[in-house]
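K.L.:
After the structure tokens below, expect a handful of questions from me.
The values are calculated or read from the model by the stated rules, or taken from the named source; none is laboratory data. The structure displayed is predicted, hence computed values, not measured ones. Positions of Cβ are backbone-derived with ideal geometry, glycine not excepted, and every protein chain shown enters the neighbour counts. Heads up: the accessible areas ignore ligands, DNA and RNA and are worked out on the full protein's heavy atoms, side chains in. Shrake-Rupley method; radii C 1.70, N 1.55, O 1.52, S 1.80 Å.
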Amino acid sequence: MPAHVAESDSTPDPTGTTGTTGTNDPLAHERAHLAASRAALRGMREDVQALDIRDVTANWVNAAVLQSQIDDRIKALADLSHTPLFFGRLDYLHAVGGELAEGADGERFYIGRRHVHDAAGDPMVIDWRAPVSQPYYQASRTSPQDVGLRRRFGYTGGELTAYEDEHLTDPAEAEHTSRLLQAEIERPRVGPMRDIVATIQPEQDEIVRSGLGGTVCVQGGPGTGKTAVGLHRVAYLLYAHRERLARTGALVIGPNRSFLHYIEQVLPALGELEVKQATVDDLVRTGVEVRGEDEAATAVVKGDARMAEVLRRAVRSHVTAPVEPVVVVRGSRRWRVPAYEIQEMVDELLARDMRYGAAHEALPQRIAHAVLVRMEEAGEAPDDRVQNAVARNPAVKAAVKAVWPAVDPAKVVLRLLSDAEFLATHAGGLLSEEEQKRLLWAKPARSVKSAKWSAADAVLIDEAGDLVARTHSLGHVVLDEAQDLSPMQYRAVGRRCSTGSATVLGDLAQGTTPWSTESWGEALFHLGKADAVVEELTAGFRVPREVIAYASRLLPAISPGLAAVESVRESPGSLAVREVPGGVADLDAAVVAACEESLRHEGSIGLIAADARIPGLGAALEAAGHAYLAPGEETTAASRLTLVPASLAKGLEYDYVVLDEPAAVVDGEPDERTGLRRLYVALTRAVSGLTVLHAAPLPEVLGA
């Protein structure tokens, strides 16, 4: 029989599975369990708040550290009234890990965002990441995994209002699409991005639970949930490998601040408070101020992987051949190390391809060791303290400064961009003369501080910095919208997880930078994770079928060979394409009217337009009396309209989208392919409905 859905408890269920009162009312029973679980969570929080650490810490430093950990634990145990403690239930046929006696019932587990136990320590809610919870996402009729019943719960404002059952081992029950699952996916979006823990699909769950040791790359079209999968994966890894990641750290990297603000509540909702978030620019802007901007062609050259070798040559060029011996005076004795022996030390360090700074630190010790050998041959018995003293000897320090001087990474890049001869020396055979000309500043800066560094320059300085001293590696990095990175940016991210792993998320069809990657194999090579597993998500859960089919007309032009997303959501009438005759004023008026029409619906509204059109549309909205938000500002029930430049739309989503003048979106980019990709992004931000308004002809690839 079909799965049963109970909504409220006002009407008795004719099947006999529900009632309005008493113990035979499953909905009342589940509400009682929810109330008991909330009470248990409050008890857990109160237990932590009551901890007295005055007599268990040795000093104030330990006390401060422990108190900080306690404060974090208290935050993690917060009961969010609008977020249900559990969203599902599993009834196993047998005891987990063993057989029950004949006639006994199997075990029952409530699945939620975090673990909750009662005063006796018995679980009230099981964390969705626990192994026993996995069948909630993976069990099916063909593979029930010992699950007799899977129950999904529906909520309204944090209150349990419905449930839906699947009897996975009942052959009489027909396959069906979950109404509650569909309703959760389609629930209006107000505020920041929310977790999808209640709606994770089997193919998504496999990626989420993949091990920490390997890097995973997820290619996913619009609406396939790749961003949510990446965030849930890091939450899972923190659960499964908490001790290791507590030491090494985890980081989420997004394309811009607006995007990071949009996703920032997902991990805290899952109880994870310690994951840092940053953009690539945040990672590399250490020590220099970015005030300049490159032309696209220049940025492409600066982002090319060949620049890594140019920088390596430039850094190593500071090493020079010794011309004089080193003479160390200690007491009445003079110890001499000839120039040819110092050259042998330099050659050996160069051959080992050590980082420049490490070799700079090693060379004085090498020279000091040579002096100690001579001391021992003369009958002395020097120890390590003598060697360290010799390494600090003025003669040794002077020799190292002459042969292997300290290097400032920013000054190396400054000289490459300012000195044509220096650049030609180190870019010879790598960059053409035309490419070298693009790199050189028209007006060379006098110093690192006065230079108008660009974002691409900061990446070069970061690369040079790693040539001098190793970049700290984290345990796991999530890199979203990865298709837009240059090879040098991939290298910068790869340095942050060189001894760890990564989750790489992106869509080749949404690459909107002139240097965006054409293949994941190439991107992963530059990231230093060439052996990563590439997974593809093609089932769309967010964008309605009509909308994604319309946007997919662009795929042959922007990313030939890439599979189109197959949306599981049918939403008749979700797409409207309207031509507006007349001039700019008529188009502006039509756009405002379309926004007013969308605002009659529940949920968030996004007005997306070419960047150049934003000021005019903002003025038109204000003239019509409509306040609007900027991307990244949180929508509320009272303020639901966001004005979005097309350049910032990637990764965001709205219930209803009004798209202004597609031709202007395309024309706003340096080339047609990038413009069509930007348009593809803009067309796929809608969850419930898309209205496209245009006065100019639509791009030919969209068809009639």
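K.L.:
Quick one: which of V701, V692, V665 is touching a Leu at 6+ places or on another chain (Cβ under 7 Å) and open to solvent by 40 Å² or more (accessible area, probe 1.4 Å)?
P.N.:
V701
K.L.:
Oh, and also: How about segment 544-599: which of its residues are out of contact with any strand residue (DSSP E or B) (no Cβ under 9 Å at 6 or more places or on another chain), touching a residue at least 40 places away in the same chain (Cβ under 8 Å) and under 11 Å from L693 (Cβ atoms)?
P.N.:
The one that is out of contact with any strand residue (DSSP E or B) (no Cβ under 9 Å at 6 or more places or on another chain), touching a residue at least 40 places away in the same chain (Cβ under 8 Å) and under 11 Å from L693 (Cβ atoms): D586.
K.L.:
Looking at P487, P514 in this structure, which one is of a type outside the set (V, I, T), farther than 18 Å from R233 by Cα and in contact with a His (Cβ under 7 Å, 6 or more places away or on another chain)?
P.N.:
P487
K.L.:
Let me confirm something: among G603, G618, G632, which residue is out of contact with any Asp or Glu (no Cβ under 9 Å at 6 or more places or on another chain), at pLDDT below 95 and among the small types (G, A, S)?
P.N.:
Going through G603, G618, G632 in turn, just one is out of contact with any Asp or Glu (no Cβ under 9 Å at 6 or more places or on another chain), at pLDDT below 95 and among the small types (G, A, S): G632.
K.L.:
Follow-up. Sort through E522, E597, E518 and tell me the only one that's at pLDDT below 95, open to solvent by 20 Å² or more (accessible area, probe 1.4 Å) and among the acidic types (D, E).
P.N.:
E518
K.L.:
Here's a follow-up. When you check L537 against the structure, is it aliphatic (A, V, I, L, M), modelled with pLDDT of 95 or more, open to solvent by less than 20 Å² (accessible area, probe 1.4 Å) and in contact with a Lys or Arg (Cβ under 8 Å, 6 or more places away or on another chain), yes or no?
P.N.:
For L537, the condition - aliphatic (A, V, I, L, M), modelled with pLDDT of 95 or more, open to solvent by less than 20 Å² (accessible area, probe 1.4 Å) and in contact with a Lys or Arg (Cβ under 8 Å, 6 or more places away or on another chain) - is not met.
K.L.:
Just give me the residues in segment 143-164 being at pLDDT 90 or above and either assigned to a loop (DSSP other than H, G, I, E, B) or at positive phi (or both), in sequence order.
P.N.:
Hits for segment 143-164 are S143, P144, Q145, D146.
K.L.:
State whether the residues of segment 352-364 include one that is more than 42 Å from the chain's Cα centre (by Cα) and more than 28 Å from T286 (Cα to Cα).
P.N.:
Yes, segment 352-364 has at least one match.
K.L.:
Hey, among Y239, Y262, which residue is in contact with a strand residue (DSSP E or B) (Cβ under 8 Å, 6 or more places away or on another chain), open to solvent by 10 Å² or more (accessible area, probe 1.4 Å), among the aromatic types (F, W, Y) and in a helix (DSSP H, G or I)?
P.N.:
Every option except Y239 fails the conditions.
Per-residue answers, yes or no, for (1) part of a helix (DSSP H, G or I); (2) of a type in the set (D, E, K, R); (3) at negative phi:
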residue: N388; (1), (2), (3): yes, no, yes
residue: A395; (1), (2), (3): yes, no, yes
residue: A399; (1), (2), (3): yes, no, yes
residue: V407; (1), (2), (3): no, no, yes
residue: A410; (1), (2), (3): yes, no, yes
residue: E421; (1), (2), (3): yes, yes, yes
residue: A424; (1), (2), (3): yes, no, yes
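Conditions (1) over 26 Å from the mean Cα position of the chain (by Cα); (2) surrounded by fewer than 14 Cβ atoms within 10 Å (Cβ to Cβ); (3) modelled with pLDDT under 85, marked per residue:
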residue	(1), (2), (3)
S81	yes, yes, yes
L85	no, no, no
L90	yes, no, no
D105	yes, yes, yes
F109	yes, no, no
R114	no, no, no
P123	yes, no, no
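K.L.:
Can you confirm whether segment 668-676 contains a residue that is surrounded by 17 or more Cβ atoms within 10 Å (Cβ to Cβ), charged (D, E, K, R), in contact with an Asp or Glu (Cβ under 8 Å, 6 or more places away or on another chain) and more than 23 Å from E579 (Cα to Cα)?
P.N.:
No, because not a single residue in segment 668-676 is surrounded by 17 or more Cβ atoms within 10 Å (Cβ to Cβ), charged (D, E, K, R), in contact with an Asp or Glu (Cβ under 8 Å, 6 or more places away or on another chain) and more than 23 Å from E579 (Cα to Cα).
K.L.:
Quick one: how many residues across segment 328-384 are farther than 18 Å from A469 by Cα, among the acidic types (D, E) and assigned to a helix (DSSP H, G or I)?
P.N.:
Going through segment 328-384 one residue at a time, the tally reaches 7.
K.L.:
Within segment 419-454, take every residue that is hydrophobic (A, V, I, L, M, F, W, C) and touching an Asp or Glu at 6+ places or on another chain (Cβ under 9 Å) and give me the one that is nearest to R313 (Cα to Cα).
P.N.:
A427
K.L.:
Evaluate segment 229-239: report whether one residue or more is of a type in the set (V, I, T) and at pLDDT below 90.
P.N.:
no
K.L.:
Counting only residues that are in contact with a Pro (Cβ under 8 Å, 6 or more places away or on another chain) and more than 19 Å from L575 (Cα to Cα), which one in segment 600-642 is most open to solvent (accessible area, probe 1.4 Å)?
P.N.:
By that ranking, first place goes to E634.
K.L.:
Quick one: what pairs do we get from segment 521-536, first residue on the phi > 0 side of the Ramachandran plot, second open to solvent by less than 20 Å² (accessible area, probe 1.4 Å), C-beta under 7 Å, 6+ apart or different chains?
P.N.:
G528/G494
K.L.:
Based on what the data block shows, is V300 more than 25 Å from L524 (Cα to Cα), among the aliphatic types (A, V, I, L, M) and open to solvent by 20 Å² or more (accessible area, probe 1.4 Å)?
P.N.:
no
K.L.:
Looking at the structure I just gave you, is R233 in contact (Cβ under 8 Å) with a residue 24 or more places away in the chain and either among the basic types (K, R) or surrounded by fewer than 21 Cβ atoms within 10 Å (Cβ to Cβ) (or both)?
P.N.:
yes
K.L.:
Follow-up. Which is open to solvent by 30 Å² or more (accessible area, probe 1.4 Å), out of contact with any helix residue (DSSP H, G or I) (no Cβ under 6 Å at 6 or more places or on another chain) and farther than 27 Å from V323 by Cα, of D408, D384?
P.N.:
None of the others qualify; the one that does is D384.
K.L.:
Of all residues in segment 175-202, which are of a type in the set (A, V, I, L, M, F, W, C), at pLDDT below 70 and open to solvent by 40 Å² or more (accessible area, probe 1.4 Å)?
P.N.:
V190 - this is the single residue of segment 175-202 that is of a type in the set (A, V, I, L, M, F, W, C), at pLDDT below 70 and open to solvent by 40 Å² or more (accessible area, probe 1.4 Å).
K.L.:
Pull up segment 553-592, narrow it to residues that are surrounded by 15 or more Cβ atoms within 10 Å (Cβ to Cβ) and under 24 Å from L181 (Cβ atoms), then point me to the one that is modelled with the highest pLDDT.
P.N.:
Only one residue fits best here, namely L575.
K.L.:
If only one of R438, R495, R446 is crowded, with 19+ Cβ neighbours inside 10 Å and charged (D, E, K, R), which one is it?
P.N.:
R495
K.L.:
Just to verify a result, which residue in segment 150-174, among those that are over 35 Å from the mean Cα position of the chain (by Cα) and not acidic (D, E), is most open to solvent (accessible area, probe 1.4 Å)?
P.N.:
So, considering only residues that are over 35 Å from the mean Cα position of the chain (by Cα) and not acidic (D, E), the one most open to solvent (accessible area, probe 1.4 Å) is P171.
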